[in-house]
Every structure is written in C-alpha cells, then in structure tokens.
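Report on the following structure.
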Amino acid sequence: MYDFTYQKPASVADAVKLLGADPEAKALAGGMTLIPVLKQRLNKPSALVDLADAGLAGISVAGGTVRIGAMTTHATVANSADVKKAIPALAKLAGGIGDKEVRHRGTIGGSLANDDPTADYPAAVLALGATVETNKRSIKADDFFQGMFMTALEPGELITAVSFPVPEKAAYMKFPNPASRYALVGVFVAKGPAGVRVAVTGAGQNGVFRQKAMEAALGKSFSQAAIADIATPADELNSDIHAGAEYRAHLVGVMARRAVAAAG
Amino acid sequence: MPQVALTVNGKKVTVDVEGRTLLVELLREKLGLTGTHVGCDTSQCGACVIHLDGASVKSCTMLALQAAGRSVTTIEGLAKSDGTLHPMQEMFREHHALQCGFCTPGMVMSAIDLVQSHPEGLSEQQIRHGLEGNLCRCTGYHNIVKAIAAAWPLMHGKTMPAAAE
C-alpha cells in the first residue's frame, strides 16, 4: 500500500471541506473494498478521510419510511428490529452480504458509492425506489445508478443516508458466488406505492437494472406463473469465469420466481 | 509520524504508525502479538480475525488508525492470567478442532463472537454458516463445529435450547 495521510473529521461539513481541499483525497467508509484496492496499489490517494466519526450511522423509521444513515454497517441493518419489522427483505439482504466480519465493518453508504455491479444493496435501492440523500441533494434510485462503478455522485458529494419507502411486500433472492458471496445474480422484487419493481444485480454489464417485462407482468398478477415465460436477454449480461451470460439470464428467471414466492 | 492510542487486551497502548499501517501489522509487528495470523491478506480467510469492541473483524482489512480509541481483543487476550483457557479454546482442544493450527486463532475469535451474539442458541447449520468468513484447509470443519456447539453452554452457563433456528 502506498502511504497516505489519514484524517477523521467529526462532521460531514468538515469531511466535505477536507475532500474539497485536496482532489487526490478519498472518503473512507467501512473500507471493505477501498482497503483491498489500496493494498493492491490500484489507487494512490494522498489522503483518506474517514467518515466514522461524522455522525452518519443510525436507523430511524417514521411515516412509512426506513431511513438508514450512510455509515450504518450491514450487521446493524441485518440485526435491526425496526428494519426486520418494516422491510424484512432488506434486513435479510444485509445479513447475506460477505461474511459476518465484513458485515461488522462494511456500510450501506460505502457499498452504494462504490456501486459494484455484483453488490447486493443496489438491487434493494432500485427495487424499493429508495432515495439517496447526500450533503447536497436527494437522488432518486432511478437516477443514482449510472453504470458499472458509476453513480450520480459528483466530486465532493457524500452520501449521508438512504430512505426506503416501506413496501407492501418484498423479497430478495441471490445466487451467491460460493467464494466471495457477491451476487452471481441477485433479484429484488418489491410491490409498493409505485407498483411492482424488479431489480437485478450481479448480471448486467452496466450494473444493476430493472427487469421491466417482469414488472409489467407482476403488476397484473403477482405470481410465479406470471413471469414463468419471461426471458431476460443475455446479450447485455456479463460473462466471466464464474458464469456465462446465458446462465446468468437463466438465473435471473429462477431468482425472480423464488423472490416472488418468498414475498408471498 | 501519526500515533494511535487504543486498548489491546485490556492494556492501553500508544504506538507510532503510518497512515497505511494495517491493524494486523500493528498487532504483530509493533506489539509482538503474533497469535493473530495473516493468511490470504485479502479479507477472505479469516486467520486475522480479532474483536473490535467485542465484534469480530478482519484485522488485515482495517487501518491501525481506524482503531483509535477502540478496544481490541486478540487470541492472546482470551486466557486468564493463571493460564486457564477460555471455554472456546478449551473446547477446541477437547474436540480436536485443529490440525496445523494456522486458522485457529481466527476461528476461535470468530466462534466466540458467534456464540455471544446468539444467546437464543445455535443450530449446526447456523454455526456452519457463521464460519463462512473463516477458512480451514485441514479439518473439514466438522470438529470445529462440534467445539463451538460444546462451548455454547459453557459460555452461556445453561443448556443450549434444542431447536434453535
């Protein structure tokens, strides 16, 4: 690892100031991706601005919305009685990320800012129609994800929280890579105020995406049978050493049907 | 050079580190606590698991400076000063839950967190699932799972509920 200056500001405002003063500085959340990247010398920031003390952790539920602070760990979300009650699918998703040691450090804000195409949280944010709050604005899920490792975040913009509207029902099913636990394919299905939304992670060349043919069918009839014949085109899906695009396309259907069954 | 002050195995320490110094490097190289191992160095194998304020984390994927003001427990901090082993260590010995021993410190730290965070009981499946962040290439896990199940009643001071899920 190349050396860097380490700073731990006590507020979001101070963090933004530090990041703004140095274009080579990077924000550090849980570090579950950034630290391995630095260890491989794939990145060389001059400074790391640790957000651990910036007051961004915590969960609140009010008015049909679950609001999760950006620095809330996966373990906290997975074990939260409030989240389990309001959006059990979200707690289950968080409990399936990595392993328990990773869940004790990794955060929702870090995961979303990184936007790994095989990460779990993007599927929940997109399917539930969540809103990503930053130090500057609120960004709708449909506008937030802009491709593999690409988000709407601007330089110096930090995620502060994510607000999830509580759905009528929802479920997440993933086929995990057996080594990394990242999603080979993960499908989040939600039925809420905005209708039925189906988000697919792990499969798309451009990261998380909505399966709109399935959304339309499930909107008419929320059943496994309704999507039994809906194929996902393989031409925009990933092929790698873990799975080919055709296999991933098949898994999207399987995971979607399992999610519909689990949502009930 | 920055300094980091933290508590390690109940003792307050202040150490000179670089920004890039990993927590595991602080423990092994600066404090001589070589019981915490580095296996894969990529946060997969779990040989470096320690407790940070009681929660199991991988010390190879954490900066020493991130631990400032926090309390770290390593494998060296488990046994009593008279040498009495922690019940988890005792059960690992009792059930022959190790062969080469390289993964053992991380396994024990991870297992203690698993048992402590499940006061309602642990099924065999939960134990196996709870070890997904720890790799052992000798034993095939079977005796490790047995040791953890045997440690649960000792750590909670009661019989494990039968059908815990």
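Do we have any residue at all in the stretch A:12-29 that's within 9 Å of chain B (Cβ to nearest Cβ) and either more than 21 Å from B:Val17 (Cβ to Cβ) or of a type outside the set (S, T, N, Q) (or both)?
Going through the stretch A:12-29, the residues within 9 Å of chain B (Cβ to nearest Cβ) turn out to be A:28.
When the remaining residues are screened for being either more than 21 Å from B:Val17 (Cβ to Cβ) or of a type outside the set (S, T, N, Q) (or both), the result is A:28.
Yes; the residues of the stretch A:12-29 include at least one that is within 9 Å of chain B (Cβ to nearest Cβ) and either more than 21 Å from B:Val17 (Cβ to Cβ) or of a type outside the set (S, T, N, Q) (or both).
Report whether or not B:Gly121 is outside any helix (DSSP H, G or I), touching a residue at least 24 places away in the same chain (Cβ under 8 Å), in contact with a Gly (Cβ under 7 Å, 6 or more places away or on another chain) and of a type outside the set (Val, Ile, Thr). Answer is no for this residue. Within the option set A:Asp99, A:Asp82, A:Asp115, A:Asp120, being on the phi > 0 side of the Ramachandran plot and modelled with pLDDT of 95 or more holds for one residue only, A:Asp115.
Of all residues in the stretch B:67-79, count the ones that are touching a helix residue (DSSP H, G or I) at 6+ places or on another chain (Cβ under 7 Å) and in contact (Cβ under 8 Å) with a residue 40 or more places away in the chain. Number satisfying all stated conditions: 3.
Hey, among the residues in the stretch A:140-173 that are in a strand (DSSP E or B) and within 13 Å of the chain's Cα centre (by Cα), which one's surrounded by the fewest Cβ atoms within 10 Å (Cβ to Cβ)?
Of the stretch A:140-173, the ones in a strand (DSSP E or B) are A:140, A:145, A:151, A:159-165, A:169-173.
From the residues that got through so far, the ones that are within 13 Å of the chain's Cα centre (by Cα) too are A:145, A:151, A:159, A:161-164, A:172.
Working: A:Phe145: 26, A:Thr151: 20, A:Ile159: 27, A:Ala161: 22, A:Val162: 27, A:Ser163: 16, A:Phe164: 26, A:Tyr172: 29.
Per the criteria, the residue is A:Ser163.
To keep it simple, each residue is scored yes or no on (1) closer than 19 Å to A:Asn206 by Cα; (2) surrounded by 24 or more Cβ atoms within 10 Å (Cβ to Cβ); (3) outside the structural domain of A:Met32 (by TED's automatic domain parsing); (4) without any contact (Cβ under 8 Å) to a residue 12 or more places away in the chain.
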{"position": "A:Asn79", "(1), (2), (3), (4)": "no, no, yes, no"}
{"position": "A:Asp82", "(1), (2), (3), (4)": "no, no, yes, no"}
{"position": "A:Gly96", "(1), (2), (3), (4)": "no, no, yes, no"}
{"position": "A:Arg105", "(1), (2), (3), (4)": "no, yes, yes, no"}
{"position": "A:Gly109", "(1), (2), (3), (4)": "no, yes, yes, no"}
{"position": "A:Asn114", "(1), (2), (3), (4)": "yes, no, yes, no"}
{"position": "A:Pro117", "(1), (2), (3), (4)": "yes, no, yes, no"}
{"position": "A:Tyr121", "(1), (2), (3), (4)": "yes, yes, yes, no"}
{"position": "A:Leu126", "(1), (2), (3), (4)": "yes, yes, yes, no"}
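For B:Thr34, the conditions (1) away from chain A (no Cβ under 14 Å); (2) touching a residue at least 40 places away in the same chain (Cβ under 8 Å); (3) of a type in the set (Val, Ile, Thr) all hold with the exception of (2).
Take the conditions (1) closer than 16 Å to A:Val162 by Cβ; (2) more than 14 Å from every other protein chain (Cβ to nearest Cβ); (3) crowded, with 19+ Cβ neighbours inside 10 Å; A:Gly58 misses just one of them, which is (3).
I'm checking my understanding of the structure. Among residues of the stretch A:207-264 that are part of a helix (DSSP H, G or I) and of a type in the set (Val, Ile, Thr), which one is surrounded by the most Cβ atoms within 10 Å (Cβ to Cβ)?
Pass one, the stretch A:207-264, residues part of a helix (DSSP H, G or I): A:212-220, A:225-227, A:234-236, A:245-263.
After this cut, where a residue has to be of a type in the set (Val, Ile, Thr) as well, the list is A:227, A:252, A:254, A:260.
Details: A:Ile227: 24, A:Val252: 27, A:Val254: 13, A:Val260: 25.
For the stretch A:207-264, the residue satisfying everything is A:Val252.
Filtered by the rule that a residue be in a helix (DSSP H, G or I) and more than 18 Å from A:Ile108 (Cβ to Cβ), the stretch A:8-46 gives A:Ala13, A:Asp14, A:Val16, A:Lys17, A:Leu18, A:Leu19, A:Gly20, A:Ala21, A:Pro36, A:Val37, A:Leu38, A:Lys39.
Taking the criterion of being surrounded by 24 or more Cβ atoms within 10 Å (Cβ to Cβ) and either facing chain A (nearest Cβ under 9 Å) or part of a loop (DSSP other than H, G, I, E, B) (or both), the residues of the stretch B:46-61 that qualify are B:Gly46, B:Ala47, B:Cys48, B:Val49, B:Ser56, B:Val57, B:Lys58, B:Cys60, B:Thr61. Restricting B:Leu98, B:Leu85 to residues that are of a type outside the set (Gly, Ala, Ser) and in contact with a Cys (Cβ under 9 Å, 6 or more places away or on another chain) narrows the list to B:Leu98. Looking across the stretch B:6-39 at every residue that is under 11 Å from B:Gly106 (Cβ atoms) and in a loop (DSSP other than H, G, I, E, B), the one that is nearest to the chain's Cα centre (by Cα) is identified as B:Thr36.
Okay, residues lined up against (1) aromatic (Phe, Trp, Tyr); (2) surrounded by fewer than 19 Cβ atoms within 10 Å (Cβ to Cβ); (3) assigned to a helix (DSSP H, G or I):
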{"residue": "B:Glu90", "(1), (2), (3)": "no, yes, yes"}
{"residue": "B:Val115", "(1), (2), (3)": "no, no, yes"}
{"residue": "B:Gln125", "(1), (2), (3)": "no, yes, yes"}
{"residue": "B:His129", "(1), (2), (3)": "no, yes, yes"}
{"residue": "B:Cys136", "(1), (2), (3)": "no, no, no"}
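Looking at the stretch A:61-110, the helices (runs of 4 or more DSSP H) lying wholly inside it that each contain 3 or more residues that are under 17 Å from A:Leu128 (Cβ atoms) sit at A:74-79, A:81-86, A:88-95. Taken across the stretch A:99-107, residues that are among the charged types (D, E, K, R), out of contact with any strand residue (DSSP E or B) (no Cβ under 8 Å at 6 or more places or on another chain) and within 11 Å of another protein chain (Cβ to nearest Cβ) do occur, with at least one present. Within the stretch A:61-76, restricting attention to residues that are among the aliphatic types (A, V, I, L, M) and in contact with a strand residue (DSSP E or B) (Cβ under 6 Å, 6 or more places away or on another chain), the residue that is nearest to the other protein chains (Cβ to nearest Cβ) is A:Met71.
The values are calculated or read from the model by the stated rules, or taken from the named source; none is laboratory data. The structure presented is a predicted model; accordingly, all values stated were derived computationally and were not measured. Note that each Cβ is placed from the backbone with ideal geometry, even for glycine, and that neighbours are counted across all protein chains shown.
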